[in-house]
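A.B. asks: What follows is a structure written as structure tokens; I'll ask about it next.
No lab work stands behind these numbers, since they all come straight from the coordinates. Fair warning: this is a prediction, and the values are worked out from it, not measured in the lab. We place every Cβ from the backbone using ideal geometry, glycine too, and count neighbours over all the protein chains shown.
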Amino acid sequence: MTIQRMDNVLIVVDDLDAVIAFFVELGMVLEGKGPIEGRWVERVIGIDDVRQDFAMLRTPDGHGRIELAKFHTPKAISAEPKDAPANTLGIRRIMFAVDDIEAVIARLRSHGAELVGEVAQFEDSYLLCYVRGPEGIIVGLAEQLS
């Protein structure tokens, strides 16, 4: 038996509304938002007394989703260092294909986003960059050239 698809990626956040606004500005669609608590979630994630809010966002093509979670109890634990560099162990970024990389960067800057490095060209194929958004979330942007 093989997997059917990748369903979603979870990002734990402190400011749920700011992160939702960032991903909506990027072009994702908010599918739903609400509270989660109860024994079932505690059993799934292995943490007692869970109370959280969540939001589910999807890519415009409908194939990719990001779930955001804001834990009220127990409080989320911060990773160190806060703005970890690209060579830190663990998930570092999510990459999105975009039509106009400069326009996307300009829109995301209105939500506090900053370039991690710079926009660089890979051969004759792509313009690429990393952008750090709210709460240190890094997204990669790729504009296909050919």
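A.B. asks: Run through the DSSP bridge list for the range 94-144 and note the antiparallel percent, rounded to the nearest 5.
C.D. replies: Antiparallel: roughly 70 percent of the beta bridges in the range 94-144.
A.B. asks: Which residue fluctuates most in the GNM of the chain (Cα springs below 10 Å): 105, 77, 45?
C.D. replies: Result for the chain, Cα springs under 10 Å: 45 fluctuates most.
A.B. asks: While we're on this one: In a Gaussian network model over the chain where Cα atoms closer than 10 Å are linked, find which of 90, 38, 64 has the largest mean-square fluctuation.
C.D. replies: 90
A.B. asks: Starting from 0.36 nm per residue, how many nanometres of slack lie between residue 94 and residue 106 once their C-alpha separation is accounted for?
C.D. replies: 2.5 nm
A.B. asks: Find how many whole Å separate the alpha carbon centroid of the range 86-146 from the alpha carbon centroid of the range 11-78.
C.D. replies: Distance between centres, Cα-based: 22 Å.
A.B. asks: Right, something else. With a 10 Å radius around each residue's Cβ, average the other Cβ atoms per peptide and rank 110-118, 1-9, highest first.
C.D. replies: 110-118, 1-9
A.B. asks: Something else about it: So which trypsin sites (Lys or Arg not before Pro) in the range 58-88 end up in coil per DSSP with only 13 or fewer other C-beta atoms within 10 Å?
C.D. replies: 75, 82
A.B. asks: I've got another one for you. With a Förster radius of 25 Å, plug the Cβ-Cβ distance of residue 48 and residue 14 into 1/(1 + (r/R0)^6) and report the FRET value to the nearest 0.05.
C.D. replies: So, using R0 = 25 Å, E works out to roughly 0.75.
A.B. asks: Here's another thing I want to ask about it. For every helix of n ≥ 4 consecutive DSSP H residues, a contribution of -39,500 (n - 2.57) applies; sum these over the chain, divide by its total residues, and give [θ] at 222 nm rounded to the nearest 500 deg cm²/dmol.
C.D. replies: -5000 deg cm²/dmol
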